[in-house]
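Student: Dropping a structure here in structure tokens format, bear with me for questions.
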Amino acid sequence: MKAVQISKPGGNWEIVERKIPEPGTSQVRVKVEACGICHSDTVVKEGIWPGLQFPRVPGHEVAGTIDVVGEHVSTWKKGQRVGVGWHGGHCFVCEQCRRGDFAMCINRKVTGVDFDGGYAEYMIAPASAVAAIPDDVPAEEAGPFMCAGVTVYNALRNSGARAGDVVAVHGIGGLGHLGVQYGRRMGFETVAINRGNDKEELARKLGAHHYIDATAADVVAELQKLGGARVILATAPNGPAISALLDGLSPGGKLLVPAAPAEPLVINAFLLFIHRRSVVGWYSGTAKDSQDTLEFSALSGVHPMIEKYPLERVAEAYEQMLSGRVRFRVVLTMGQ
Ligand SMILES: [Zn+2]
Ligand SMILES: [Zn+2]
């Protein structure tokens, strides 16, 4: 099979021929049709993940079809369309797993980081890490739902915001353009915040009731005109800009952080406690959460905006993702 690997920190993309792998016990083999490129793939490219072993095939926004099931796999069968996301399985026996909180498993694995991922024609996944793809979601759209999608969908649905609450999405990019769609379809009064107005029309088309241009308006004042945001989903990779959003929250509001900007957040503790606000992180979701994301997206018409590249053009595709010019997700396709 054809695969794309990185064999040292900062190494180049290598397109290689590999033997098609066989699934072990409780694993399935997926014939990959599409795999999104996520900013987190930089942890493999640059070799900055603790314990990372090379060579490694990255890719954790995988969509394809099961073509072999391993021993003791009873719930999945050959021919089923499935996705594999960031959550690459859990141990079932640690303290967190015993409480049923599989995403927080202390032995959890990350797809395309701890084991080879979807930048290849085939991959092996634990049966506990696959999600069924609804018939009407094409593979190239299913891919981005497996990381970007589940992250924001799961963050918002667990945020405590209720229908009618003001929910703001900061940053209209890979995560944000999905966040706006989910916010609207979950029944929130949805606010899109971005620098400049070149994405205003699009943000409104995706479902934003309000748009705030952070270069032209006082974001905090604009949010307070709406009564303050119950939740601000901070997706722009900019620590100081996220920190400055705190006072745009309503009393009891949450600044929800599903990704890490390079710089630390600096939070004014007075503005935090005096209005009983909080800053909370959100981490991805399990395969079942991903399946919920796919099903909700199919049901309510949420679509990622994607640019497709064949696997062979991985270097160009990765550069396009890093450049920030992409609208909004780069997806590798396996060229059947
Ligand atoms: Zn990702
Ligand atoms: Zn565990």
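The values are calculated or read from the model by the stated rules, or taken from the named source; none is laboratory data. The shown structure was predicted, so the numbers you read here are calculated from the model rather than taken from an experiment. Counting neighbours? That spans all protein chains shown, and the Cβs are built from the backbone with ideal geometry, glycine included. SASA here: full protein model, heavy atoms, side chains in, ligands and nucleic acids out. Shrake-Rupley method; radii C 1.70, N 1.55, O 1.52, S 1.80 Å.
Student: Suppose every K and R has +1 on its Cβ and every D and E has -1 on its Cβ; what is the size of the dipole of the chain about the Cα centre, in Debye to the nearest 20?
Tutor: Rounded to the nearest 20 debye, it is 560 debye.
Student: Now, a different point. Would you be so kind as to identify which of P240, A214, G179 lies farthest towards the positive end of the dipole of region 175-328, taking Lys and Arg as +1 and Asp and Glu as -1 on Cβ and the Cα centre as origin?
Tutor: It is G179.
Student: Could you give the dipole magnitude of region 165-270 about its Cα centre, charging the beta-carbon of Lys and Arg +1 and that of Asp and Glu -1, in debye to the nearest 20?
Tutor: So the magnitude is around 320 debye.
Student: Can you give the Kirkwood hydrodynamic radius of the chain from its Cα pairs, in Å with one decimal?
Tutor: After inverting the pairwise mean of 1/r, the radius is 20.3 Å.
Student: May I pose another question? Pull up the DSSP beta bridges for the chain and report the antiparallel fraction as a percent, rounded to 5.
Tutor: In the chain, approximately 55 percent of DSSP beta bridges are antiparallel ones.
Student: Could you give the distance between the Cα centres of region 14-92 and region 278-336, to the whole Å?
Tutor: Region 14-92 and region 278-336 have Cα centres separated by 15 Å.
Student: If you don't mind, there's one more thing I want to ask. When the chain is treated as a GNM, springs tying every alpha-carbon pair under 10 Å, which of L226, L311, L156 comes out with the largest mean-square fluctuation?
Tutor: Top of the fluctuation ranking is L226.
Student: A follow-up question, please. Roughly how many percent of the accessible protein surface of region 1-139 is carbon and sulfur, given a 1.4 Å probe and a whole-percent answer?
Tutor: Answer for region 1-139: carbon and sulfur cover 50 percent of the accessible area.
Student: Rounded if a/c is under 1.5, else prolate if a/b is larger than b/c, else oblate: which is region 1-127, with a ≥ b ≥ c the root eigenvalues of its Cα gyration tensor?
Tutor: Oblate.
Student: Oh, and also: Over region 39-195, with the other protein chains present, what is the accessible area per residue in square angstrom, probe 1.4 angstrom?
Tutor: Solvent-accessible surface per residue comes out at 37 Å².
Student: Compute the accessible area per residue over region 245-336, keeping the other protein chains in place, probe 1.4 Å, unit Å².
Tutor: That works out to 49 Å² per residue.
Student: Round to a whole number: what % of the accessible area of region 248-306 belongs to carbon and sulfur, probe 1.4 Å?
Tutor: Its accessible area is 66 percent carbon and sulfur atoms.
Student: Looking only at P126, P144, P237, which one moves most when the chain is put into a Gaussian network model with springs between Cα atoms under 10 Å?
Tutor: P237
Student: Greater than 30 Å separation of Cα atoms is the criterion. Which listed pairs, K8/K109; K45/K77; K254/K308; K77/K205; K199/K225; K78/K205, meet it?
Tutor: Distance filter (> 30 Å) returns K45/K77; K254/K308; K77/K205; K78/K205.
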